[in-house]
Structures are given as structure tokens and as C-alpha cells.
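See structure below.
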Amino acid sequence: MSEFTPELTNAAMQIRKRGYTILDGVIPATAIDEVRETVADALARNRERAAAEQEAIRKLGHRVGVEGVDGMRGVINETQIFASHVASDRLMSVVEHFFGPWARVSCTDCVVNHPGCSRGYWHADWPYNQTNASHIPAPYPDVLLHLSTIWMLTDFRDENGGTLLVPGSHRSGVNPSDGMEDVIDRDGPHPDEVNAEGTAGSVLFYDSRLWHAVAPNRANEPRVALIVRYAPWWLNLEVARPGSPEHEMMVIETEGKNYAQPALKPEAFAALPDVAKPLYRHLVERD
């Protein structure tokens, strides 16, 4: 278990009280450009296949996410350049504070919000997102079951959108992803919303119950991020593994989204630094 430091104490207090904290400079300034460019290259290699999939979804008459948003699930298969940071002492001290040892990474995705991208809907992350069949029924127990992180590979500021949050909403027991139409417009502004901002290399750390939404990008350049989620060892992640009985039974496509996390290729796992392998071992592709 990591030692208590002033940063850990403050981060844990903020996550408990308001649902989130921001850790500055997790990826050093000397490394951030290479990480961003490598991730962007991986996304570009994946874009042609993703475009074909989205066209197939459109032909079925489904909506395709948020307009102007480009993403890739399982980017860890394409590049491992950021893996040592995902397992850094600063990050893991927060994870271990809430979950103890043996925590695991449940997803590693990248997302680019292009200029002009539209606002997203208010939601919480799995297992609380009500648009997914495998969700925890509301009202939720007041227990933190999953930690989400958004890695700022470019500066997040008001002009390019950042990430919209509703402080304290993680304690509400519900979220607007479904069933709150009489209370809140899930696609519109919230009176208490804030914009999570930070410099490239910073990490937004939040309780996965926290209400959040994609912010519109009004700048002239894209906003680039990694999405990494951490789970305790006891949380069933088989739901997100394609081919598992839990996935086949519980996961459905909703509005063109599938919450599957691609298996980790053995060669990608072998390329991970030793410090990161325990976080990803469960995702390795099975025969």
C-alpha cells in the first residue's frame, strides 16, 4: 500500500467530497509531445476500419456517438508508450487508497474531440451508465466501485471544451443517462456544471458515478485524450470481454455503441513495462 502524501490526502479528499480531482504533470512535459503524436498515429491507423464500422451502423439506422468525436477502444494494442505512466506511483497511490492492492485496468481508450464537436449527454461510466444492459440498477449504493481517468494529451481549456462535470453528483444514487427526463435535460447545460481544465500531461481522476459530458470544442485544434479506468480485483470485468458468457448474455449495442474492450494481444502485453503488466494481465487474448 502506498504511503500517505499531501497529494494523495488531498486527491482522496476531493474525490470523496466532490467526486473528482486533477493531478498535474503525470506525463512530464519532456514526454507529452511524443505520447500525443504516437497515440494520434495509432488512431489514424485505426480510422479507416472505424469509418467502415460507423457506416455499417448508420445503414442500420442507429446514431453514431457524438458528432465530431473520433475514438479507439483498446489503444494499448497499438502503442504502449504511455503504459509506465498508467502504472506510476502517483496514480496507483490513489487507486490503492480506494481499492487496496491488485487493482486492474478495465479499459484503455483514446478519444479526439475535433473542432466543432457537439455537446455530449450527461451520464456516468460503467457499471452505472443506464444505456448499457450490464448496469447497476439505480438507486446505487453509496460505494465507489470504479475509478475513471481522462488523460489530457493536449491542454484542456474552456475554448476546446475540456470535460463537463457536476460536482457532488456521484453521491446522488442516479444519473441522467436514462429515466430522469422529468428532472434534467440530459443533453443540455446543468446549473452546477464545471469545466475540468488542465495542461497537457495532467489527469482528471473521478468516481465513475460522477455525472459528466463531452464539452463542445470551439477552438481550431482537436482535443486529444486517453480514457483509462481502474477497477478493484473483485469487480467482474468479464462483461466487457467479447466472447465471454457474461458479455454474450449482458452486453447489447445501444445507439451504435458497444462496450466491449478488445482483448490485449500477447505481443502488446509482452511490450508493456513490468510495472504495468499486473494491471493488464487479465485482458490478454485467450485461445
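The values are calculated or read from the model by the stated rules, or taken from the named source; none is laboratory data. On a predicted model such as this, the values are computed, not experimentally measured, just so you know. We place every Cβ from the backbone using ideal geometry, glycine too, and count neighbours over all the protein chains shown. What goes into the accessible areas is simple: the full protein's heavy atoms, side chains included, and nothing from ligands, DNA or RNA. Shrake-Rupley method; radii C 1.70, N 1.55, O 1.52, S 1.80 Å.
List of remarks:
- Rounded FRET efficiency, nearest 0.05, which uses the C-beta distance separating SER84 from GLU267 and R0 of 22 Å: 0.80
- Taking amide H as placed 1.01 Å from N in the peptide plane, MET180 has no amide H partner under 5 Å among residues 5 or more places away or on another chain.
- Counting only protein heavy atoms and using a 1.4 Å probe, the accessible area of GLU246 comes to about 50 Å².
- Prolate/oblate/rounded call for region 131-287, Cα gyration tensor, a/c under 1.5 rounded: oblate
- Per-pair calculated FRET efficiency, R0 = 35 Å: ARG16 and GLU37 via Cβ, rounded to 0.05: 0.45
- Subtracting the Cα-Cα distance of ASP192 and ALA138 from 0.36 nm times their residue separation leaves 17.3 nm of extension gain.
- Taking a Cβ cut-off of under 14 Å around SER84, the surrounding Lys, Arg, Asp and Glu residues balance to a net charge of -1, with basic ones at +1 and acidic ones at -1.
- Amide H contacts of CYS107 (H built 1.01 Å from N, in plane; Pro and chain starts excluded): ARG229 sit under 5 Å, all sequence-distant by 5 or more or on other chains.
- Carbon/sulfur fraction of accessible area - the chain, other protein chains in place, 1.4 Å, %: 53 percent
- Projected label distance in nm at VAL284 and LEU235, using a 7 Å step from Cα toward the beta-carbon: 2.3 nm
- Region 65-151: GluC sites (Glu not before Pro) in DSSP coil with no more than 14 other Cβ atoms inside 10 Å: GLU67
- Surface exposure of the chain, expressed per residue as accessible area with a 1.4 Å probe, stands at 46 Å².
- Karplus-based coupling profile of region 187-197, in residue order and whole Hz: 9, x, x, 10, x, 9, 5, 10, 9, 6, 10, with θ = phi - 60° in 6.51 cos²θ - 1.76 cosθ + 1.60 and x standing for Gly or Pro.
- Once both labels are positioned 7 Å from their Cα atoms along Cα-to-Cβ, the gap between ARG171 and THR5 label points is 2.8 nm.
- For the chain, the percent of C-alpha pairs falling in each 5 Å distance bin, counted from 0 to the bin holding the largest distance, reads 1, 5, 12, 17, 20, 20, 15, 8, 2, 0, 0.
- LEU153 sits with roughly 0 Å² accessible to a 1.4 Å probe, with DNA, RNA and ligands left out of the calculation.
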